[in-house]
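Okay, structure first, notes after.
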Amino acid sequence: AFKVPGVLPLTPRMNVSEALTRAGGLDPSAARRIRITRRASEGTLPLRGAASDAGKRVIIAEITLGQAGEVLDPDEDIDIKPYDVLQANKLESVYVLGEISRVGPVPLPERGTLSLTQVLSLSGGLGPTARGSRATILRALGSSARRAEIPVDIDKVLAGKANDFPLLPNDVLVIPGS
C-alpha cells in the first residue's frame with residue numbers, strides 16, 4: 001500500500017523516513033502501521049516488539065506512523081540495511097450495497113470492527129426506499145468462497161429494540177429496497 005511500491009536502491013545511512021519518501025508515501029487506504037523484516041544475518045532489528053522467526057531466519061517488527069505517514073517515534077526511524085523489507089497493508093473494509101446513500105467499501109479502524117449503526121452512519125444512512133427489516137450480512141466462511149447469510153433487522157436496531165451488530169473485515173451488508 002505504498003504509492004510507488006518496488007525495490008529501492010540502498011543509499012548510505014538511508015532510514016525508514018527516507019525509504020517512505022522514496023516510495024511516495026502511503027496510499028490513502030493504507031494502515032498506519034508498517035512491518036519491517038530483516039534477515040537475521042544482517043543483525044538485530046533495534047525496535048520494541050521485534051520478534052525472531054528462526055525458521056525463516058528473519059526478525060520482524062512493526063512501526064506506527066502518524067496520519068501523514070510520518071514516523072512518530074524518532075527511535076523507530078532506524079537505518080535500513082540491505083534486503084530489509086518494508087510492508088504496508090491496506091485497511092480492511094466492510095462493503096455496503098443496496099438502498100443506502102453511499103454504496104461501497106467502509107474502511108475499518110486498524111485491528112478493529114465497526115457496529116452496524118456506525119457503518120450506516122459512515123455510509124450516509126438508509127435510502128428512501130430501504131427495507132431495513134430485510135437486511136442481510138454476508139460473512140465469509142473460513143477461507144472458502146462461501147458466505148453465511150445473517151439476517152438483521154436494521155429498523156429494530158435503530159429503534160433500540162435489538163442489539164447493534166458488529167461487522168467484521170470483508171462482511172457485505174445488503175440493504176434491499178421496496
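Residue-by-condition table, conditions (1) over 21 Å from the mean Cα position of the chain (by Cα); (2) without any contact (Cβ under 8 Å) to a residue 40 or more places away in the chain:
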| residue | (1), (2) |
| --- | --- |
| 85 | no, no |
| 103 | no, yes |
| 108 | no, no |
| 115 | no, no |
| 125 | yes, yes |
| 145 | no, yes |
| 151 | yes, yes |
| 169 | no, no |
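Just give me the residues in the stretch 111-122 being open to solvent by less than 70 Å² (accessible area, probe 1.4 Å) and either touching a Lys or Arg at 6+ places or on another chain (Cβ under 7 Å) or assigned to a loop (DSSP other than H, G, I, E, B) (or both), in sequence order. Before you say what the answer is, go through the steps one by one.
If we filter the stretch 111-122 for residues that are open to solvent by less than 70 Å² (accessible area, probe 1.4 Å), which is where we start, we get 112-117, 119-120.
Of everything in the stretch 111-122, those that are open to solvent by less than 70 Å² (accessible area, probe 1.4 Å) and either touching a Lys or Arg at 6+ places or on another chain (Cβ under 7 Å) or assigned to a loop (DSSP other than H, G, I, E, B) (or both) turn out to be 112, 113.
Being open to solvent by 40 Å² or more (accessible area, probe 1.4 Å), of a type outside the set (Phe, Trp, Tyr), modelled with pLDDT of 90 or more and farther than 13 Å from residue 34 by Cα is the filter here; which residues of the stretch 64-88 pass it?
Those that are open to solvent by 40 Å² or more (accessible area, probe 1.4 Å), of a type outside the set (Phe, Trp, Tyr), modelled with pLDDT of 90 or more and farther than 13 Å from residue 34 by Cα: 74, 75, 79, 81, 82.
Exactly one of (1) more than 13 Å from residue 87 (Cβ to Cβ); (2) over 13 Å from the mean Cα position of the chain (by Cα); (3) not aromatic (Phe, Trp, Tyr) is unmet by residue 29. Its number?
Result: residue 29 passes all but (2).
The values are calculated or read from the model by the stated rules, or taken from the named source; none is laboratory data. Values in this document were obtained by computation on a predicted structure and should not be read as measured data. A quick note on method: Cβ atoms are made from the backbone with ideal geometry, for glycine too, and the neighbour counts reach across all protein chains shown. We work out accessible area using only protein heavy atoms, side chains counted, and drop any ligands, DNA or RNA first. Shrake-Rupley method; radii C 1.70, N 1.55, O 1.52, S 1.80 Å.
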